[in-house]
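Trainee: This is the structure I want to talk about, given as structure tokens.
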Amino acid sequence: MNELINLMQKHASVRNFTEEKIPEDTLKTWINAGRAASNWKNFQSYSIIVVSSQAQKDALFAHQPQKAIKNCSHYLVFVGDLKRAETAVTLNGGDFQPAGVESLLISSIDAALAAENVLLAAESGGFGGVMIGLIRDQSSEISDVLALPDYTYPLFGIALGKPARRNDVKPRLPYESVVMPETYQLQDETVIRAYDKVQEDYAGARRLDTTWSERIALQWGQPENPSSTENLNRKKLLK
Ligand SMILES: Cc1cc2nc3c(=O)[nH]c(=O)nc-3n(C[C@H](O)[C@H](O)[C@H](O)COP(=O)(O)O)c2cc1C
């Protein structure tokens with residue numbers, strides 16, 4: 001296995017950081033490595049808000065109180081961004097029509113690919129981080145803190161810093177459950193039950209009071225949080 005594959009397989013989210021700050025030029029190198037990712041038609045339909053000040057971290061934490069936001073060195077918020085597209089369409093005398101699922105897929109996928117690269121770059125330098133998507137539960141409030149204009153929306157952040165504590169690598173579902181030869185392979189609940197057990201064993205003493213599948217049931221066994229839909233309407237990105 002080469003060094004890169006080894007690094008990728010050692011990934012574990014980091015939620016506790018030391019006081020050490022990431023040097024600005026190092027951060028810029030990671031972000032540029034992230035921005036080298038493939039993206040739809042080279043439109044680069046995302047922006048990255050770099051939050052370095054404690055005041056701005058605290059303002060975001062006030063809406064989504066996860067300690068990593070407050071205590072990280074830098075918090076990068078990945079924003080789906082059709083605002084530059086508006087300017088380009090207007091420049092070319094077009095009628096800007098960004099609202100719809102396809103625009104959201106384009107900008108979300110572009111941002112996610114860049115973000116994963118940034119995180120891997122950070123991990124390659126002995127730093128670490130965690131993506132924080134629950135900011136979407138307060139999409140409008142987070143948008144206001146970041147002064148996001150129409151045609152933009154917050155996707156998730158990455159809290160980055162020097163790890164104070166590292167988790168063990170979290171076991172994934174079995175290869176055969178996720179990677180399917182030629183056509184989709186339906187699976188029954190034995191896969192789910194078995195992985196509930198794997199996750200329970202992995203967590204050990206840090207076990208949560210719900211199983212993996214119970215957490216899925218909580219996510220998809222009730223209506224979704226309306227926050228993203230409301231904000232996407234507000235930002236003119238949904239019809
Ligand atoms: C888009 C996205 C959003 C996430 N949001 C959160 C979050 O809000 N809070 C959190 O603690 N972890 C969050 N995570 C981290 C996942 O929980 C974590 O990646 C997953 O459990 C696998 O663990 P690992 O990264 O340590 O391998 C997020 C991950 C992704 C990809």
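Trainee: Give Lys57, Lys21, Lys41, Lys67 a once-over and let me know the one that is within 17 Å of Leu113 (Cα to Cα) and of a type in the set (Lys, Arg).
Mentor: Result of the check over Lys57, Lys21, Lys41, Lys67: Lys41.
Trainee: Please go through region 150-167 and pick out each residue that is open to solvent by less than 60 Å² (accessible area, probe 1.4 Å) and in a loop (DSSP other than H, G, I, E, B).
Mentor: Of everything in region 150-167, those that are open to solvent by less than 60 Å² (accessible area, probe 1.4 Å) and in a loop (DSSP other than H, G, I, E, B) turn out to be Asp150, Tyr151, Lys162, Asn167.
Trainee: Considering only region 6-28, I want to know if a residue exists there that is surrounded by 14 or more Cβ atoms within 10 Å (Cβ to Cβ) and under 30 Å from Ala88 (Cβ atoms).
Mentor: yes
Trainee: List the number of the failed condition for Lys170; all other conditions in (1) touching a residue at least 40 places away in the same chain (Cβ under 8 Å); (2) surrounded by fewer than 16 Cβ atoms within 10 Å (Cβ to Cβ); (3) more than 9 Å from the ligand (Cβ to nearest atom) hold.
Mentor: (3)
Trainee: Across region 205-223, what is the total count of residues that are open to solvent by less than 100 Å² (accessible area, probe 1.4 Å) and charged (D, E, K, R)?
Mentor: Number of matching residues: 2.
Trainee: Shifting gears a bit: Please pick out the residue among Leu232, Leu237 that is part of a loop (DSSP other than H, G, I, E, B), aliphatic (A, V, I, L, M) and within 23 Å of the chain's Cα centre (by Cα).
Mentor: Leu237
Trainee: Moving to a separate point now. Of the conditions (1) of a type in the set (S, T, N, Q); (2) in a loop (DSSP other than H, G, I, E, B); (3) surrounded by 11 or more Cβ atoms within 10 Å (Cβ to Cβ), Thr183 satisfies every one except a single condition; which number is it?
Mentor: Every listed condition holds for Thr183 apart from (3).
Trainee: Any residue at all in region 51-71 that's touching a residue at least 60 places away in the same chain (Cβ under 8 Å) and in contact with a Ser or Thr (Cβ under 8 Å, 6 or more places away or on another chain)?
Mentor: Scanning region 51-71, I find no residue that is touching a residue at least 60 places away in the same chain (Cβ under 8 Å) and in contact with a Ser or Thr (Cβ under 8 Å, 6 or more places away or on another chain), so the answer is no.
Trainee: Quickly run through region 107-149 and pick out the residues that are open to solvent by 30 Å² or more (accessible area, probe 1.4 Å), in a helix (DSSP H, G or I), of a type in the set (A, V, I, L, M) and within 14 Å of the ligand (Cβ to nearest atom).
Mentor: Ile109, Ala112, Leu113, Leu134
Trainee: Which one is nearest to the ligand (Cβ to nearest atom) among residues in region 57-86 that are open to solvent by less than 10 Å² (accessible area, probe 1.4 Å) and under 16 Å from Trp40 (Cβ atoms)?
Mentor: Phe78
Trainee: Among the residues of region 215-227, are any within 29 Å of Gly34 (Cα to Cα), more than 15 Å from the ligand (Cβ to nearest atom) and part of a helix (DSSP H, G or I)?
Mentor: no
Trainee: While we're here: Inside region 19-81, counting only helices (runs of 4 or more DSSP H) that do not spill past its ends, which hold 1 or more residues that are closer than 27 Å to Ile109 by Cβ and under 14 Å from the mean Cα position of the chain (by Cα)?
Mentor: By residue number, 24-35, 67-71.
Trainee: Before we move on, is Leu104 surrounded by 20 or more Cβ atoms within 10 Å (Cβ to Cβ) and within 15 Å of the ligand (Cβ to nearest atom)?
Mentor: yes
The values are calculated or read from the model by the stated rules, or taken from the named source; none is laboratory data. Not measured: the values here are computed from a predicted model. For neighbour counting, all protein chains shown are included, and Cβ atoms are generated from backbone atoms with ideal geometry for every residue, glycine included. Each accessible area value is taken on the protein alone, full model and side chains, heavy atoms only, with ligands, DNA and RNA left out. Shrake-Rupley method; radii C 1.70, N 1.55, O 1.52, S 1.80 Å.
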